Amino acid sequence: KKDPNNPRGFAIVTHSWGSVIAYQAIQELESEGKLKPGSIDQFTTLGSPLGSATKRNLGTIQAQNLHVEGSIRSPLSIRHWTNYWAKGDVVSGVIDTAGVKNIEVDDLPGPHPIKQHSEYFNNPKVLNGILGDALENVESALAADAGLKKLMAKIGKEIEKTKQKDTANSKSDKNIVP
């Protein structure tokens, strides 16, 4: 549950069927008024069957009692949506809707489609993208919140003090003669 005193949002990273479940949950929470516009900083889908190349899967989605109504739209609660997909992955595809940044991953290993579908988390392009999005969101939060900026600076100073103390202890340990 989101802290009402904390205006910053959160990130969701999903893979495969998890993207369908998360998408449906986001739609339901929005319709119930439990997710405000922009409350999800980053929504990342990897190998998602929500893509336009796999619209044939929507029958399966509906048969599983997860109803994705009509065409896919970017929910108002999502500020940034990045979709990673690969041509060799039979499950994924481009999510052809406004507000979705589609990134093709063309170097997933192996000729077998199931192998490719399971390799997103081992791909440097995907991992760097996810980490880059996370850092960008942290930097924007820091820029917007002076209190958070001060706290992060204080934490940084404490880390530096601990490092210096550990270094000093390490040097004094070397001077001990058994």
Protection-proxy order for peptides 26-34, 76-84, 40-48, each taking the mean of Cβ atoms within 10 Å per residue, highest first: 40-48, 76-84, 26-34
Karplus-derived 3J(HN,Hα), 6.51/-1.76/1.60, for each residue of the range 30-44, Hz, glycine and proline x: 5, 5, 8, x, 8, 10, 8, x, x, 6, 9, 4, 9, 10, 10
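Throughout, read-outs are computed from the coordinates displayed, never taken from laboratory work. The model shown is predicted, which means the values in this text are computed figures rather than measured ones. Positions of Cβ are backbone-derived with ideal geometry, glycine not excepted, and every protein chain shown enters the neighbour counts.
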